[in-house]
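**Student:** I am attaching a structure below and will ask some questions about it afterwards.
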Amino acid sequence: MNVDLTEEQDQLRDAVRALGRKYGHDYFVRKAKAGEHTTELWHEAGRLGYLGVNIPTEYGGGGGGITELALVCEELAAAGCPLLLLVVSPAIAATVINKHGTEEQRKRHLPGLADGSQKIVFAITEPDAGSNFHRLGTVARRDGDDWLLTGRKVYISGVDEAGHILVVARTEDTGKLKPALFIVPTDAPGLEKSRLEMEIVSPENQFLLYLDDVRLPADALVGQSLDAGLPALFAGLNPERITVAAMSAGTGRYAIEKASAYTATRKVWGGRSIGSHQGVAHPLAHAAVQVELARLMIYKAATLYDAGRDLEAGVSGNMAKYAAGEAAALAVDTAVQALGGAGMTTEYGVATLLGAVRAGRIAPVSREMILNFVAQHVLHQDKSY
Ligand SMILES: Cc1cc2nc3c(=O)[nH]c(=O)nc-3n(C[C@H](O)[C@H](O)[C@H](O)COP(=O)(O)OP(=O)(O)OC[C@H]3O[C@@H](n4cnc5c(N)ncnc54)[C@H](O)[C@@H]3O)c2cc1C
């Protein structure tokens, strides 16, 4: 077993860390509170090749894998810039289009995703389906060569920043779920969006989408064959779980680093730091252990995925997502406590992450649905639903 990164991965990690620190959490929060996006950071990361690390070189990417993209997600988050759209655009959309799109779709979309000039967001969740995607109600009907898409989607991240949305629908002519993915322009007639007010300090927004007979040309269908739908949908899942886990682990590291720097110097009982009290230090140490354990599982999952071992990567990726989501929530909460009143200020930049890490236990797949997956696929238990 090798626990070391390659030299190139090490260099990538250091370079992304430097970029993240150049912007930092203050920038992230300032943008969020002003209702703006982290455009400068996104474009610089794109120019430096970090957004396209997992995209093949022939489409302008770095030719690496999900391991490299996980490093990017983790290091930006560890610098206080957890960018959810990294999970949506390069991890999900680029993987789906690269693996299951047509050559024409790859040529049209991947270079822009690689250099950051384009974003494609991802819409699967629906108000009446939620965790149960077998109940998807967004329907695609044929109209001549075109498709007409009708339905509703909820909590869709980044629609205001993206040129296209990868929409998961099902085709009308099949009785059972037969998913089909469509690349839908965000300005398509018949598509309305409404921003949701969320209790998360983030420059990225969530939207409710209404699709009312959105007309799409035949080549909007990913892969241009209805059989491509299910494998295309599953292709996005492992990269999504692994990169969102990496973002959570980075956020956990950021919070622990902030808190331990504070507790090592803060003195309120004579000459000793508050960190010398085990009641303060042990919870931080415990959180650090949880984050590090999650990181091990993240890079195990990424390594398996990049080796083409999808089924094993599915188990590890789900476990990594669960572990990292829990560890990040614990780390941020513990950090807030260790900072006392300062923990709740905007200035110290820890409580600003409470909403995001809480959401990380719900999205993109909830902790309960991961436990269901592990119970069924690892422990061979019957399904209750
Ligand atoms: C910040 C944020 C960003 C998001 N971005 C996107 C995005 O870009 N694109 C997108 O498509 N979606 C997005 N989502 C949606 C997210 O994926 C869903 O919220 C999530 O999958 C849960 O679905 P739901 O909210 O409908 O919960 P529900 O399915 O209604 O579930 C509610 C609760 O019940 C639990 N539950 C449900 N069924 C079971 C069961 N069988 N066993 C045990 N527990 C169960 C769930 O775990 C959850 O705790 C985002 C959500 C958030 C919060």
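**Student:** Kindly provide the set of residues from segment 14-47 that are within 23 Å of Ala351 (Cα to Cα) and polar (S, T, N, Q), ordered by number.
**Tutor:** Across segment 14-47, the qualifying residue is only Thr38.
**Student:** Also: Residues that are within 16 Å of the ligand (Cβ to nearest atom) and touching a Phe, Trp or Tyr at 6+ places or on another chain (Cβ under 7 Å): which helices (runs of 4 or more DSSP H) entirely in segment 268-385 hold 1 or more of them? Working first, answer last.
**Tutor:** On the way: elements: 278-306, 310-339, 354-359, 367-377.
Per the criteria, 310-339, 367-377.
**Student:** Just a yes or no: is a residue in segment 224-245 modelled with pLDDT of 95 or more, of a type outside the set (Val, Ile, Thr) and surrounded by fewer than 19 Cβ atoms within 10 Å (Cβ to Cβ)?
**Tutor:** No, segment 224-245 contains no residue that is modelled with pLDDT of 95 or more, of a type outside the set (Val, Ile, Thr) and surrounded by fewer than 19 Cβ atoms within 10 Å (Cβ to Cβ).
**Student:** Going by what's in this entry, would Ala45 be described as over 14 Å from the mean Cα position of the chain (by Cα), buried (at least 24 other Cβ atoms within 10 Å of the Cβ) and at negative phi? Steps first, answer last, please.
**Tutor:** Details: over 14 Å from the mean Cα position of the chain (by Cα): yes; buried (at least 24 other Cβ atoms within 10 Å of the Cβ): yes; at negative phi: yes.
For Ala45, the condition - over 14 Å from the mean Cα position of the chain (by Cα), buried (at least 24 other Cβ atoms within 10 Å of the Cβ) and at negative phi - is met.
**Student:** OK, next. Given (1) touching a residue at least 60 places away in the same chain (Cβ under 8 Å); (2) within 16 Å of the ligand (Cβ to nearest atom), identify the lone condition not met by Ala94.
**Tutor:** It is condition (1) that Ala94 fails.
**Student:** Just checking, does segment 73-91 include any residue being more than 19 Å from the chain's Cα centre (by Cα) and not charged (D, E, K, R)?
**Tutor:** If we filter segment 73-91 for residues that are more than 19 Å from the chain's Cα centre (by Cα), which is where we start, we get none.
For segment 73-91, residues more than 19 Å from the chain's Cα centre (by Cα) and not charged (D, E, K, R): absent.
**Student:** Would you kindly identify the strands (runs of 3 or more DSSP E) lying entirely within segment 95-176 that contain at least 2 residues that are of a type in the set (Phe, Trp, Tyr)?
**Tutor:** On the way: elements: 120-123, 139-143, 146-157, 164-171.
The qualifying strands (runs of 3 or more DSSP E) are 146-157.
**Student:** Restricting to segment 40-68, name every residue that is among the aliphatic types (A, V, I, L, M) and within 16 Å of Ile97 (Cα to Cα). Write out each step before concluding.
**Tutor:** Step one: filter segment 40-68 for residues among the aliphatic types (A, V, I, L, M), giving 41, 45, 48, 51, 53, 55, 66.
Leu51, Val53, Ile55, Ile66, listed by residue number.
**Student:** Let me ask something else. Suppose we keep only residues that are surrounded by 15 or more Cβ atoms within 10 Å (Cβ to Cβ) and within 9 Å of the ligand (Cβ to nearest atom) within segment 112-136. Which one would you say is modelled with the lowest pLDDT?
**Tutor:** My answer is Phe133.
**Student:** Now, a different point. Can you find, within segment 137-161, the residue that is surrounded by the fewest Cβ atoms within 10 Å (Cβ to Cβ) among those that are hydrophobic (A, V, I, L, M, F, W, C) and within 10 Å of the ligand (Cβ to nearest atom)? Steps first, answer last, please.
**Tutor:** Taking segment 137-161 as the starting set, the residues that turn out to be hydrophobic (A, V, I, L, M, F, W, C) are 139-140, 147-149, 154, 156, 159.
Checking which are within 10 Å of the ligand (Cβ to nearest atom) leaves us with 154, 156, 159.
Working: Val154: 17, Ile156: 22, Val159: 23.
Here the answer is Val154.
The values are calculated or read from the model by the stated rules, or taken from the named source; none is laboratory data. Just so you know, these numbers come straight off a predicted model, no measurement behind them. Here the Cβ is made from the backbone with ideal geometry for all residues, glycine too, and neighbour counts use every protein chain on show.
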